[in-house]
Amino acid sequence: MNDLDQLVQDAQADFERSVMPADLENAKARYLGKSGRLTEQLKALGTLSAEEKKSRGALINSAKQQVEAALNARRQALADAELEAQLKAEALDVSLPGRLRGTGAVHPISRTMERVEAIFGSMGFDVADGPEIETDWYSFTALNNPENHPARSTKDTFYVDMKDAEGRWLNLRPHTSPMQIRYAQAHAKKYAGEASMPDIRVIAPGRTYRVDSDATHSPMFHQVEGLWVGENVSFKDLKVMYLEFIQAFFETTELKLRFRPSYFPFTEPSAEIDIMFETGPLKGRWLEVSGSGQVHPQVIRNMGLDPERHIGFAFGSGIDRLAMLRYGISDLRLFFDGDLRFLSQFK
Ligand code: PHE
């Protein structure tokens, strides 16, 4: 065996012993590096005669090709082994069933709102949305709520320690009634100067806030305001319309409606609307679902309308109350606790 054959054999054995890619690169340097054994051989060529250079050079080149071939083979083997190990570690059982992503559902309160909107929508009512942070003027003053009215007490209403650009105190609206004013004002403005104005027919569902908390009261709750104002709208229309709504909502005609005299500063006369089911688990009990009344002339004026010409009614119903009755829920707080065991029943 000549010295070059020995060199090739040594290189092959060296590469074979290399387990990590870094070992292999070190081994490579020992043969093909700057002062590696093969490189030294090539350098030594310079001292030979032209004739010797030719034959020795060919031998060295062939040795170099063998060393490089051995190196590449070992590199490939190490890469294959690494891939193999990785595949084993990341083994994937394609026969396992996939993980299901739970399907969501509309919250029962949102669902109830959508239901209310659909029913009133079918009766020709527009649906309006308004701010939850209101001014004192819209929440109370415009609604004929006198300065000393108990509803203005800090015990009942959440005030925000801030005033709007016009210096009016802000609060979290304690009812959706401010939307009566906001919507009617915009409507009156839109038709100002015209000979006649189409009736105002709107509902405004949304969040409302009061300092109140027990099984049937939450500091955040939901109402739907209703307003119908025109030149010839009477309490009779309210009765007919509300009965139609409540029957559609509960999907039964086996219920009665009662208008019980009451008081609100923004309606005169005023009434609470009670319902009584004639069948089912709630049968025979009067249940309060809404405040209502004929819009007070001062409120009509605050809307920018003429009380000599425009008349109408308003109502404000508790959406959470309607949802509780519809789904048979006795504790309002369940709606807002976010407990999936409760909520997933409404899928
Ligand atoms: N805003 C009243 C309340 O929250 C309800 C109501 C609305 C009464 C409209 C009459 C007319 O209790």
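At a glance:
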quantity	calculated
Alpha-carbon centroids, region 228-251 and region 56-113: separation in whole Å	69 Å
Distance-filtered residues of region 153-182 - backbone nitrogen under 19 Å, label point 7 angstrom along Met220 Cα→Cβ	156-161, 171-177
Accessible-area composition of region 222-326, carbon plus sulfur, in percent [1.4 Å probe]	50 percent
Sequence ranges 71-82, 88-99, ranked by mean other-Cβ count within 10 angstrom, highest first	71-82, 88-99
Region 234-261 residues near the modelled Asp274 label - backbone nitrogen below 11 Å, point 7 Å along Cα→Cβ	257-261
FRET efficiency for Asp212 and Tyr191, using Cβ-Cβ distance with R0 set to 41 Å, rounded to 0.05	0.60
Per residue accessible area of region 108-346, 1.4 Å probe, in Å²	49 Å²
Label point distance in nm, Arg115-Arg326, each placed 7 Å from Cα along Cα→Cβ	0.3 nm
Two-site label geometry, Ser153 and Gln298: point separation in nm, points 7 Å out along Cα→Cβ	2.0 nm
Karplus (6.51, -1.76, 1.60) ³J(HN,Hα), θ = phi - 60°, over region 305-315, in Hz, Gly and Pro reported as x	10, 9, x, 6, 10, 9, 8, x, 9, 9, 8
Unit charges at the beta carbon, dipole of region 3-89: most positive-side option, Gln66, Thr39, Gln76	Thr39
Label-point separation in nm, Asp80 to Ala58, each point 7 Å along Cα→Cβ	3.4 nm
Qualifying GluC sites (Glu not before Pro) for region 209-288 [loop in DSSP, other Cβ within 10 Å: at most 14]	Glu231, Glu251, Glu254, Glu278
Contour minus Cα-Cα distance for Asp23 and Val160 (0.36 nm per residue)	42.1 nm
Relative contact order for region 154-302, counting Cα pairs under 8 Å that sit 6 or more residues apart, in percent	15 percent
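The values are calculated or read from the model by the stated rules, or taken from the named source; none is laboratory data. Since this is a predicted model, take the numbers as computed values, not measurements. Neighbour counts are summed over all protein chains in view; Cβ atoms, including those assigned to glycine, are modelled from backbone coordinates with ideal geometry. Protein only, heavy atoms only, side chains kept; ligands, DNA and RNA dropped before computing areas. Shrake-Rupley method; radii C 1.70, N 1.55, O 1.52, S 1.80 Å.
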